[in-house]
Amino acid sequence: MFGSIGNYAERKQLLSDSLEIWRERGDDDRAARTLERLSDANRMLRLYDEGVQRADEGLEVYERLGDTVGQANCLNTLAWLLCDSGQLDAAEEAGSHAIDLLPEEGNQFLVCQCYGSLGDIYYAKDMTEKAIHHYGIALRIAFSFNWHAEVFWNHHNLARLFSDQDRFDDANAHIEHAKSHTVNNVYHLGRAMELQAEIWYGQHRLEHARSEALRAAEVFEKLGAAQDLERCRQFVRTIDSGEE
């Protein structure tokens, strides 16, 4: 729940407490799952070295258990961590290995996430066509299973990609699609508002951008999502500086 509203510090603390419990009970499978989630919480807090360490620990346990799906899950989280920390070649290798480990049938949710993470990696590597291709695969899988959160994030990331290229019509189309899949997830709505503000800022629609950024900041403040709130406030300051 804390992860879904952007409160990653609380999420990390709960997962750390859970990890101690599973280790005390000798439950390796649940300990490995908790390590993977803990590595992701560290990623969202930008504690990349700690996140990589936790992912490696989880991967080691899954390898010992012979659980290839668990290994793929850890590798996918590791790929995101390496991408966010700028280690793009290593991230691509981890993400590709994750997909190779997965069986042809089943585990479609993880397959969807792996293609989405590779989309992020190719986007970071300025390999635009490959990024669009991988986001597209993730979207097709997510649509077929009606996974709103996955549809949201892939449209969100495509909107960001097109906005960075000043392809604002495409960016606006994708952010509208993203908004339609927030499905009462207030945090997702806040993130969509924030990106919409950035797109409008890129189009020099400063008044609209400022208003939307303030709305997003209000959402993050109510949710206690401190990191997102500070990012939004900084963006509003940037807009105000541009207006002066």
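The values are calculated or read from the model by the stated rules, or taken from the named source; none is laboratory data. Bear in mind that the values here come from a model prediction, so they are computed numbers and not experimental data. Here Cβ is always computed from backbone atoms with ideal geometry, including for glycine, and neighbour counts include all displayed protein chains.
Structural remarks
- The combined condition, being modelled with pLDDT under 90 and within 26 Å of Phe220 (Cα to Cα), is not fulfilled by Leu38.
- First in region 1-14 and more than 17 Å from Arg46 (Cβ to Cβ), second anywhere and modelled with pLDDT of 65 or more and of a type in the set (Phe, Trp, Tyr), Cβ under 8 Å, 6 or more apart: Ser4/Tyr187; Ile5/Tyr187
Each row is one residue, and each column tells you yes or no for (1) farther than 22 Å from Leu45 by Cβ; (2) surrounded by fewer than 20 Cβ atoms within 10 Å (Cβ to Cβ); (3) in contact (Cβ under 8 Å) with a residue 12 or more places away in the chain; (4) of a type in the set (Phe, Trp, Tyr).
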residue	(1), (2), (3), (4)
Asn146	yes, yes, no, no
His156	no, no, yes, no
Asp169	yes, yes, no, no
Lys179	yes, yes, yes, no
Asn185	no, yes, yes, no
Leu206	yes, yes, yes, no
Ala209	yes, no, yes, no
Glu221	no, yes, no, no
Cys232	no, no, yes, no
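- Scanning region 194-216 for residues that are farther than 15 Å from Asp228 by Cα and of a type outside the set (A, V, I, L, M) turns up Trp200, Tyr201, Gly202, Gln203, His204, Arg205, Glu207, His208, Arg210, Ser211.
- Residue in region 161-176 that is at pLDDT below 95 and among the basic types (Lys, Arg) present: no
- In a residue-by-residue description of region 214-221, the property of being touching a Phe, Trp or Tyr at 6+ places or on another chain (Cβ under 7 Å) and more than 16 Å from Phe168 (Cβ to Cβ) applies to no position.
To keep it simple, each residue is scored yes or no on (1) assigned to a helix (DSSP H, G or I); (2) crowded, with 24+ Cβ neighbours inside 10 Å.
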{"residue": "Gln71", "(1), (2)": "yes, no"}
{"residue": "Asn76", "(1), (2)": "yes, yes"}
{"residue": "Ala79", "(1), (2)": "yes, yes"}
{"residue": "Gly86", "(1), (2)": "no, no"}
{"residue": "Asp89", "(1), (2)": "yes, no"}
{"residue": "Glu93", "(1), (2)": "yes, no"}
{"residue": "Ser96", "(1), (2)": "yes, no"}
{"residue": "Asp100", "(1), (2)": "yes, no"}
{"residue": "Glu105", "(1), (2)": "no, no"}
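Conditions (1) charged (D, E, K, R); (2) closer than 18 Å to Asp166 by Cα; (3) out of contact with any strand residue (DSSP E or B) (no Cβ under 9 Å at 6 or more places or on another chain), marked per residue:
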residue	(1), (2), (3)
His188	no, no, yes
Arg191	yes, no, yes
Ile199	no, yes, yes
Arg205	yes, yes, yes
Val219	no, no, yes
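- In region 107-127, residue farthest from Asp89 (Cα to Cα) [restricted to those that are surrounded by fewer than 17 Cβ atoms within 10 Å (Cβ to Cβ) and charged (D, E, K, R)]: Asp126
- Residue ID - farthest from the chain's Cα centre (by Cα), chosen from residues in region 116-144 that are polar (S, T, N, Q) and farther than 18 Å from Trp80 by Cβ: Ser144
- Positions within region 144-197 being of a type in the set (A, V, I, L, M, F, W, C) and outside any helix (DSSP H, G or I), in sequence order: Trp147, Val183
- Matching residues in region 45-67 - criterion: being under 18 Å from the mean Cα position of the chain (by Cα) and surrounded by 20 or more Cβ atoms within 10 Å (Cβ to Cβ): Gly51, Val52, Arg54, Ala55
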